[in-house]
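Notes follow once the structure below has been shown.
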């Protein structure tokens, strides 16, 4: 079996080195073929083989990240300052003053957290910036007229979908749950889990202040398989947060309500800055509520054609802006969308 994994490793590393879209190789049929071997092995060999497969995926994700960075640097055009008070008659172009830009702090951190989840075995998907009310509400167990719809101050457009409902700017990345469950439910037939995260931009009609913005980023997570429990949910989120902050953290869950999960929780972590002593970042409480999460509601699984009596799963929604604010001690969420160079140059 080790020879099989070594052979696939050699093949895929060679493909990554030559590919202009190296991330697609994480979905290579060779990896699926290896995963399909696991159920055929004697029980005592499955754990060891599965561990080797996870190590291979982590190695590939790291090499892919390096390849993407190399491609990005190779294709980066020379910087041009279109606001410069010069014209082509003022002298050679080489004399024009130039200044290199930098990656926006949110984009940098989205790239980092996506890498962490990929090493944990999750696939990364993009969301949509215009969607329909079916994926915003109906597929997530929000029936028409349900009062929980009022909790989402959703921007609507004058354009409508086929049913005559207005299109919306998604208020959460959960609009992708139904799509990813349908897209990857074949995994369940092959004995593999559905494991997907969706980091993207969302929009809400908010009263703006230091903690609220009309445009911000979330990362949605979905995991479905047989025998999935709340313990798996808590372990997954704690592992991610400890990897992201680079330290051990205590966690706390409080009951909450979301129509698309049951049971539902608010997930809080011990403040990584004061270690529960109390500081400005955590409002002197020692804990920071960061994530809404829970076990996926059976109605949501049914809407995607998945039998909830056979499969269970969990989902979460995490505010990326708040995650980055906490990590860097940023006091006002509005800085991210302000385009203020004195703020951006700090990163």
Considering only residues that are at positive phi and surrounded by fewer than 18 Cβ atoms within 10 Å (Cβ to Cβ), look in the range 120-147 and name the one that is modelled with the highest pLDDT.
121
Just to verify a result, which residue in the range 175-198, among those that are crowded, with 19+ Cβ neighbours inside 10 Å and touching a helix residue (DSSP H, G or I) at 6+ places or on another chain (Cβ under 6 Å), is nearest to residue 305 (Cα to Cα)?
178
Across the range 256-284, the tally of residues that are within 30 Å of residue 178 (Cα to Cα) and assigned to a loop (DSSP other than H, G, I, E, B) stands at 2
Being surrounded by 16 or more Cβ atoms within 10 Å (Cβ to Cβ) and touching a helix residue (DSSP H, G or I) at 6+ places or on another chain (Cβ under 9 Å) is the filter here; which residues of the range 237-248 pass it?
240, 241, 243, 244
Out of 53, 113, report the one residue that is at pLDDT 85 or above, in contact with a helix residue (DSSP H, G or I) (Cβ under 8 Å, 6 or more places away or on another chain) and either farther than 20 Å from residue 194 by Cα or in a helix (DSSP H, G or I) (or both).
113
Can you tell me which residues in the range 18-31 are in a helix (DSSP H, G or I), under 22 Å from the mean Cα position of the chain (by Cα) and surrounded by fewer than 16 Cβ atoms within 10 Å (Cβ to Cβ)?
24, 27
As an exercise: evaluate residue 296 against (1) over 20 Å from residue 231 (Cα atoms); (2) touching a residue at least 60 places away in the same chain (Cβ under 8 Å); (3) under 20 Å from the mean Cα position of the chain (by Cα) and give the number of the one condition it does not meet.
(1)
As an exercise: evaluate residue 201 against (1) touching a residue at least 40 places away in the same chain (Cβ under 8 Å); (2) surrounded by fewer than 19 Cβ atoms within 10 Å (Cβ to Cβ); (3) farther than 24 Å from residue 321 by Cβ and give the number of the one condition it does not meet.
(3)
Quick one: which residue in 9, 27, 46 is out of contact with any strand residue (DSSP E or B) (no Cβ under 6 Å at 6 or more places or on another chain) and farther than 18 Å from residue 190 by Cα?
9
So which residues in the range 39-49 are surrounded by fewer than 14 Cβ atoms within 10 Å (Cβ to Cβ) and part of a helix (DSSP H, G or I), if there are any at all?
39, 40, 43, 44, 45, 47, 48
Could you tell me whether the range 205-218 includes any residue that is touching a helix residue (DSSP H, G or I) at 6+ places or on another chain (Cβ under 6 Å), modelled with pLDDT of 90 or more, under 26 Å from residue 168 (Cβ atoms) and buried (at least 17 other Cβ atoms within 10 Å of the Cβ)?
yes
Can residue 291 be described as in contact with a helix residue (DSSP H, G or I) (Cβ under 9 Å, 6 or more places away or on another chain) and either assigned to a helix (DSSP H, G or I) or more than 19 Å from residue 234 (Cα to Cα) (or both)?
no
Qualifying positions in the range 204-241 - touching a strand residue (DSSP E or B) at 6+ places or on another chain (Cβ under 9 Å) and without any contact (Cβ under 8 Å) to a residue 60 or more places away in the chain
204, 205, 206, 214, 234, 238, 241
Just to be sure before I move on: is residue 59 outside any loop (DSSP other than H, G, I, E, B), under 30 Å from residue 189 (Cα atoms) and at pLDDT 85 or above in the structure I sent?
yes
Provide a single number: the residues in the range 299-334 that are over 17 Å from residue 107 (Cβ atoms), touching a residue at least 40 places away in the same chain (Cβ under 8 Å) and part of a helix (DSSP H, G or I).
6
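The values are calculated or read from the model by the stated rules, or taken from the named source; none is laboratory data. Remember, it's a predicted structure, so these values are computed and weren't measured experimentally. Quick reminder, even Gly has a Cβ in these numbers, built from the backbone with ideal geometry, and neighbours come from all protein chains shown.
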